[in-house]
Every structure is written in structure tokens, then in C-alpha cells.
1. Take residue 268 and tell me if it is under 30 Å from residue 117 (Cα atoms), in contact with a strand residue (DSSP E or B) (Cβ under 8 Å, 6 or more places away or on another chain), exposed (fewer than 13 other Cβ atoms within 10 Å of the Cβ) and not small (Gly, Ala, Ser).
2. Across region 201-245, what is the number of residues that are of a type in the set (S, T, N, Q) and open to solvent by 50 Å² or more (accessible area, probe 1.4 Å)?
3. Take residue 248 and tell me if it is touching a Phe, Trp or Tyr at 6+ places or on another chain (Cβ under 8 Å), touching a residue at least 12 places away in the same chain (Cβ under 8 Å), within 25 Å of residue 124 (Cα to Cα) and open to solvent by less than 20 Å² (accessible area, probe 1.4 Å).
4. Looking at this structure, is residue 19 of a type outside the set (Gly, Ala, Ser) and on the phi > 0 side of the Ramachandran plot?
5. Within the group 187, 104, which residue is under 19 Å from residue 274 (Cα atoms) and not basic (Lys, Arg)?
6. Can residue 64 be described as aliphatic (A, V, I, L, M), open to solvent by less than 80 Å² (accessible area, probe 1.4 Å), part of a strand (DSSP E or B) and touching a helix residue (DSSP H, G or I) at 6+ places or on another chain (Cβ under 8 Å)?
7. In region 11-49, how many residues are assigned to a loop (DSSP other than H, G, I, E, B), open to solvent by 40 Å² or more (accessible area, probe 1.4 Å) and not small (Gly, Ala, Ser)?
Amino acid sequence: MELRELETFRAVVESGGVNRAATRLNRAQSSITARIRQLESSLGVSLFERDGRHVRLTAAGDVLVGYSDRLLALAEETRAAVRRDKVCARLRLGTMESVAASRLPRPLAGFHQQYPEISVELQTTHSRDLLARLQAGTLDAAIVSDEVDDDRFASIPWHVEELVLVSAASDPVRDPRRMAGATLLVLGGNGCAYRRRFEYWLQNLRVIPARELEFASYHAILTAAAAGVGVGLIPRSVLDIYARRDAVSVHKVPARIARVRTTVVTLRGRHLPALTRLVDCLRRDLAKK
């Protein structure tokens, strides 16, 4: 099994067929077909089901997709590590939606200017999903909330986020116990650490809301809160970039709920020069504030 065979395999998967892969790689169709057959022969399995010009992954091919990503990423990491003059790499970075919207754009822009040879691929989802992707090898690093108590991961502290309650400007939440029977505005899914804190806090207060409405982003939560739909717990960094700041009221919450450490996480024992440089950029940007 050779790296070129894996690269060809990934090109066929991503392009959706041999012809498109040949165009993408600027090679003859016969060359693509030959490399796929060599790979299948070395593995002893069929990777594609062929139907005329169309191909579909077999069960074995589906398994190989994840492994090929990891092997090719490791090969790229190896190439970067042995180059002393500069770091050329691809960094697959996962982050929470709130961080991608508020804290990450400026340092990421500075990073691209300083290291144009490093390609950053960004994915956004909840902290729990990010850790799962990191463990599966589809991410090189993840920016998550709260401490990660797992020996498989190594954490690098970045900043401390502050969470605040928001509601319509005409209906401020002066007493959290008033949220009994209210509508909570939360991010969809159960993997959001901020949502879990919100629900845990209300349980301790013995406050039972009427319902929870799920949204895809914190900006959508802010818009709903401004319209009087309900109450949300959001990062202050997101509130700071909201255009209609005067349309919402803000209420502080206890420090044990409000203060959340944000960390950069990678698999333990894995050294990524590109990530080291990105973390330096993140910390320098934070120091300027």
C-alpha cells in the first residue's frame, strides 16, 4: 500500500468517480484505474462497486476513508517536520460556533498572513462532537469549552469565556427564579457545554422552564431573545459583536456558571508544528485585548 495509491483513492471518493479524479489529478483514466486495482490487490478487498461510469464505496472502502485521511495527514506532518526552513502543512481545526464567530477570525487572519504556506481547514460543531472527531482522526486539533479530563488528550489553555443571560430589553431577567415557566433559547443537540451548564444551573435553582427552543447559532438566539421569544445563556464575546446590542438586556450569572475555560486540544503525544504556531497567534491576539 503506497501513499500515491491512497491519494488516488481519496481523489476518486471526493470526486465521485474515476473520470473526475483523472481530471482533478491530471492523469489518464487508465492510470487511476490501475492504482485503485493495485490498492485493492494489496489489501485483498474490493473498495468500490462499479456501475458503468459510477462507483460506490463498499463496506471495506468506507472503512479505508477514515484511515486514509489519517495516513495522508501523518505523511504531510512528517514532510513538514523534516523541513527546517519552514513549516508546510495542512491543519484540520475544529471549533465551537461561538468561537468561530467571535474570537477566532482576527488571530486566524493574522496566522494566514504570517504562515501562508500552512492551510487551515475549519469545522464547527459542539465540544462533544469535536472531541469525537479528534479521537477518530478527522481533526488535528479542537477548540473546546471546559477542562478535558481524558488521558487520551492534551490541553493547551487559551482564554476564559464569560457567559451571560440575555432577554428582550423590555423584559430584563433581574431574578433567575423568574425563568420558571419561561422559554429557554439553546443551541440544538446535546453536545453543547454551555447548554449543559444552563440546564444544570436551573436544575440547582429548581427552576422548571416551560420549553426549550433549539437554534443553529448564537446570533439566532440573540435575535430571538431581542424579539421577546425567551431567555438564552450566551458567551459575552458573541454579544459584543451583535449589531442590535441595545435590543437585549444582559444579566450576570454566578461565576461558577459564567466562567468557562476554553482550551485547544489535541491527541496526547502528537506534535504538530503548525498547531504550535497557531496557538502562539491565539495567545498573542489575546494579550492585545
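1. Judged against the criteria, residue 268 is a match.
2. Number of matching residues: 3.
3. no
4. no
5. Selected residue: 104, the only one of 187, 104 that is under 19 Å from residue 274 (Cα atoms) and not basic (Lys, Arg).
6. no
7. 3
The rows are residues; the columns are (1) outside any strand (DSSP E or B); (2) closer than 18 Å to residue 161 by Cβ; (3) not basic (Lys, Arg).
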position	(1), (2), (3)
219	yes, yes, yes
228	yes, no, yes
241	yes, yes, yes
262	no, yes, yes
266	no, no, yes
271	yes, no, yes
280	yes, no, yes
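The values are calculated or read from the model by the stated rules, or taken from the named source; none is laboratory data. Since we're looking at a predicted model, the values are computed, not measured. Positions of Cβ are backbone-derived with ideal geometry, glycine not excepted, and every protein chain shown enters the neighbour counts. For the accessible areas, the whole protein counts, side chains as well, though only heavy atoms, and no ligand, DNA or RNA atoms are used. Shrake-Rupley method; radii C 1.70, N 1.55, O 1.52, S 1.80 Å.
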